[in-house]
1. Would you kindly state how much longer the chain becomes between residue 115 and residue 150 on full extension, computed as 0.36 nm times their sequence separation minus their alpha carbon distance, in nm to one decimal?
2. Can you tell me the order of 54-63, 145-154 when each peptide is scored by its average per-residue count of other Cβ atoms within 10 angstrom, highest first?
3. Can you list residues whose amide H is under 5 Å from residue 124's amide H, if they're 5+ apart or on another chain and H is modeled 1.01 Å from N?
4. If each residue of separation counts as 0.36 nm, what is the full-extension length gain between residue 9 and residue 58 once their alpha-carbon separation is subtracted?
5. How many nm separate the modelled label positions at residue 138 and residue 46, each set 7 Å beyond the Cα in the direction of the Cβ?
6. Quick one: net charge around residue 123, please, counting Lys, Arg +1 and Asp, Glu -1 for every other residue with C-beta under 15 Å from its C-beta.
7. If I model a spin label at residue 104 and residue 75 as a point 7 Å from the Cα along the Cα→Cβ vector, what separation in nanometres do I get?
Amino acid sequence: MLYDSEARRVLGSWKAIESIDLEQKLSGHDPRLLYGSFCVVIERPSAMGVIGVGVAQHMLDTAWTAGALAGVIGEVHALSVKTMTRREVLRHLGVLSGSGSADSRVRAACIADHETPGGPPAVGRKAAPGPLYGVSSHAWQALGLVLAWLEKTKHTETT
């Protein structure tokens with residue numbers, strides 16, 4: 001996901017991206033994104049409670065992929081790479097607990113963060129797209145990660 005924190009708008013959302021395609025995906029956007037204050041945030045897997053063998057293997061695979069992606073982005077593309085755990089994301093979005101799944105709470109927090117009373121809808125539709133138009137599926141979790149990182153850095157920069 002590519003998010004402009006100044007305009008508070010999603011610029012691009014891709015279901016899967018190979019690290020080699022990163023520059024190609026970003027090349028159509030503002031050059032500030034590549035050479036300015038650009039940061040890549042990756043969700044770092046962490047175990048929470050007892051996990052089964054199948055889940056453990058999936059987490060190891062995810063951690064391996066996240067680490068490889070962070071290495072390529074940091075070393076090859078020379079971009080700043082930051083990480084957060086899922087628990088940190090939920091805490092910074094203020095949805096660590098509540099009703100419904102964590103995924104649905106993250107989606108609701110993302111939409112609430114971008115809606116203004118009496119203003120246009122955060123998501124919108126093709127004829128009148130909102131700032132979150134095009135976000136779907138796992139991209140909501142990616143957007144939640146970005147918003148949590150922005151919330152976290154806002155507090156650390158002001159203290």
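1. Result for the pair: 10.9 nm of gain on full extension.
2. Values: 54-63: 11.6, 145-154: 18.9.
Packing proxy ranking, top to bottom: 145-154, 54-63.
3. Sorted by chain and number, the residues that satisfy this are 130.
4. So the extension gain works out to 14.5 nm.
5. 2.1
6. +3
7. 4.3
Computed from the coordinates by the stated procedures, all read-outs in this text should not be read as laboratory data. Nothing here was measured: the structure is a model prediction, and the numbers come from that model. In this analysis, Cβ positions are derived from the backbone assuming ideal geometry, glycine residues included, and neighbour counts consider all displayed protein chains.
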